[in-house]
1. Give just the number: which of (1) under 25 Å from residue 249 (Cβ atoms); (2) in contact with an Asp or Glu (Cβ under 9 Å, 6 or more places away or on another chain) does residue 165 not satisfy?
2. Assuming residue 138 fulfils every condition listed in (1) in contact (Cβ under 8 Å) with a residue 60 or more places away in the chain; (2) farther than 29 Å from residue 244 by Cα apart from one, which condition is it?
3. So for the range 110-132 (the condition being among the acidic types (Asp, Glu), free of Cβ contacts under 8 Å to residues at least 24 places away in the same chain and loosely packed, with under 13 Cβ neighbours inside 10 Å), does at least one residue qualify?
4. Kindly indicate which of 95, 16 is surrounded by 17 or more Cβ atoms within 10 Å (Cβ to Cβ), touching a strand residue (DSSP E or B) at 6+ places or on another chain (Cβ under 8 Å) and not assigned by TED's automatic domain parsing to the domain that holds residue 148.
5. Taking the criterion of being touching a Cys at 6+ places or on another chain (Cβ under 9 Å), farther than 20 Å from residue 250 by Cα, free of Cβ contacts under 8 Å to residues at least 60 places away in the same chain and not aromatic (Phe, Trp, Tyr), would at least one residue in the range 19-35 satisfy it?
6. May I ask you to list the residues in the range 28-74 that are closer than 24 Å to residue 94 by Cα, of a type in the set (Ser, Thr, Tyr) and within 19 Å of the chain's Cα centre (by Cα)?
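The values are calculated or read from the model by the stated rules, or taken from the named source; none is laboratory data. The structure presented is a predicted model; accordingly, all values stated were derived computationally and were not measured. No Cβ is skipped: glycine too gets one built from the backbone with ideal geometry, and neighbour counts run over all protein chains shown.
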Amino acid sequence: MRLPVFHVDAFTAQVFHGNSAAVCLLDSWLDDRPLEKVARESNLSATAFLVTRENSLDLRWFTPRREIRLCGHATLATAHLIFTVLRPDLDEVHFTTRFSGVLTARKEGKRVAMDFPAFAPERRASVPRDLPRALDLEQPPSEVLEANDTWIAVLDGPEIVRSIRPDFSRLEKLHPHAVIVTAPGDDSDFVSRYFAPGYGVPEDPVTGSAHCSLTPYWSQRLGKSQLHARQLSERGGELWCELVGGRVLLKGNAVVTMQGSLTI
């Protein structure tokens, strides 16, 4: 069986930047085992699988280790691929997902705007004692929040976020929680990095789903609903975020970098 596969760099307008996702087109759903193998073969932080039905577009996402409940950059990659290659006549698509309901994506100029759920972070009475050591922080975070199985460490500035050299073996012990570090930005409203070694992704280059939690936090802290964000990974990427009620609009660019097929 030969499956069409595309690679798309998401949350960037330049090749070799942003977060690269594989998008695999299926005629119908396969068992989970071959999907897991394809994701491991792709060896990217996420592989999106798309099944086109008569009245719906069904979408699932896998890391090299397991299926995940929500993925922003692979959804952006899939939507961009539809709008530019598969169905350029469309301006809006609706993805049916297993865990996150129906997600809408639409063209907005050269960007794609995605309608995602918001996960407002909360302060917890107890947080992992090992977290500052796992992040190699000289000073503890100014606050630690939790949302959607993710610990969020709030730091004082972008230079601290850039300088972090995490201990991934310690972070992996926090699974199923991932870890975000975030701070006010210098040329953006806020910055972040995202670590999920328990999912086979030591550091994710640009993480759309993380901004479902970061947007409500920074919107409240900065007193504004529209925000510009940068993720300070080695590849780097940027997002435009807007809090609308209980939803977050995530906007970004993408670039198709590769097209081929995979034999399974």
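1. Unmet for residue 165, out of (1) under 25 Å from residue 249 (Cβ atoms); (2) in contact with an Asp or Glu (Cβ under 9 Å, 6 or more places away or on another chain): (1).
2. (1) is the only condition that residue 138 fails.
3. Checking the range 110-132: not a single residue is among the acidic types (Asp, Glu), free of Cβ contacts under 8 Å to residues at least 24 places away in the same chain and loosely packed, with under 13 Cβ neighbours inside 10 Å.
4. On the way: 16 fails: surrounded by 17 or more Cβ atoms within 10 Å (Cβ to Cβ).
Exactly one residue qualifies, and that residue is 95.
5. yes
6. Scanning the range 28-74 gives 45, 47, 63.
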